[in-house]
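Engineer: I have a structure I would like to understand better, so I am pasting it below and will then ask my questions one at a time.
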Amino acid sequence: MSEEQAAKGRALLERLTATPAALDRFPERFRNYTLEHLFGDVWQGEALALEERSLVTCTILVALAREPEQRFHFAAARRLGIPRDKLVEMITHAAHYAGWPNAVGALRSLEDVWPTSE
């Protein structure tokens, strides 16, 4: 991978999260793959808009019941301007395919990062 992809990945990560330094706790090689490949390449594709990629990622994390990662990506979706109601609708839809307990956990994660009262 290139330094250009790493820079693109860093810029995107800064757009998605208020704490881009969160990657600093991971081993250097893993951090580099995350910046260069995941955020510097995969998330940079032109076939899907950034907001669509975010929603797809959130949906997959709901299906896999990955609550810590859901909190990160739900907060990122919020920063991208995806309405909370759209995330709730996605979780409700996913409940019928990925399981009710997964949806309950996802709603709990969403409430943690984006309370209903906001």
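The values are calculated or read from the model by the stated rules, or taken from the named source; none is laboratory data. Computed from a predicted structure; not experimentally measured. Virtual Cβ from ideal backbone geometry, glycine too; neighbours counted across all protein chains shown.
Engineer: Given the options Ala7, Ala75, Ala47, name the one that is of a type in the set (A, V, I, L, M, F, W, C) and part of a loop (DSSP other than H, G, I, E, B). If you could, list the steps in order and put the result at the bottom.
Structural biologist: Details: Ala7 fails: part of a loop (DSSP other than H, G, I, E, B); Ala75 fails: part of a loop (DSSP other than H, G, I, E, B).
Going through Ala7, Ala75, Ala47 in turn, just one is of a type in the set (A, V, I, L, M, F, W, C) and part of a loop (DSSP other than H, G, I, E, B): Ala47.
Engineer: What number of residues within the stretch 74-97 satisfy the criterion of being more than 13 Å from the chain's Cα centre (by Cα), crowded, with 19+ Cβ neighbours inside 10 Å and not β-branched (Val, Ile, Thr)?
Structural biologist: Residues flagged as more than 13 Å from the chain's Cα centre (by Cα), crowded, with 19+ Cβ neighbours inside 10 Å and not β-branched (Val, Ile, Thr) within the stretch 74-97 amount to 2.
Engineer: Continuing with the same structure: Can you tell me which of (1) over 16 Å from Val113 (Cβ atoms); (2) not in a helix (DSSP H, G or I) is the one Ala18 doesn't meet?
Structural biologist: It fails just one condition, (1).
Engineer: Six or more apart or on different chains, Cβ atoms under 9 Å: show the pairs whose first residue is in the stretch 1-21 and touching a residue at least 60 places away in the same chain (Cβ under 8 Å) and whose second is assigned to a loop (DSSP other than H, G, I, E, B).
Structural biologist: Arg15/Leu80; Leu16/Leu80
Engineer: Let me ask something else. Which one of these is in contact (Cβ under 8 Å) with a residue 24 or more places away in the chain, in contact with a Phe, Trp or Tyr (Cβ under 8 Å, 6 or more places away or on another chain) and closer than 17 Å to Leu13 by Cβ: Ala75, Ala63? I'd like the intermediate steps shown before the answer.
Structural biologist: On the way: Ala63 fails: closer than 17 Å to Leu13 by Cβ.
So the residue among Ala75, Ala63 that is in contact (Cβ under 8 Å) with a residue 24 or more places away in the chain, in contact with a Phe, Trp or Tyr (Cβ under 8 Å, 6 or more places away or on another chain) and closer than 17 Å to Leu13 by Cβ is Ala75.
Here's the yes/no breakdown for (1) at pLDDT 90 or above; (2) under 23 Å from Pro83 (Cβ atoms); (3) of a type in the set (A, V, I, L, M):
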position	(1), (2), (3)
Met1	no, no, yes
Leu12	yes, yes, yes
Arg15	yes, yes, no
Leu48	yes, yes, yes
Val56	yes, yes, yes
Leu61	yes, yes, yes
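Engineer: Examine the stretch 34-44 for a residue that is more than 11 Å from the chain's Cα centre (by Cα) and assigned to a loop (DSSP other than H, G, I, E, B), and state whether such a residue exists.
Structural biologist: The answer is yes; a qualifying residue exists.
Engineer: If I ask for residues that are among the hydrophobic types (A, V, I, L, M, F, W, C) and closer than 19 Å to Ala21 by Cα, which ones from the stretch 60-79 would you list?
Structural biologist: Phe72, Phe74, Ala75, Ala76, Ala77
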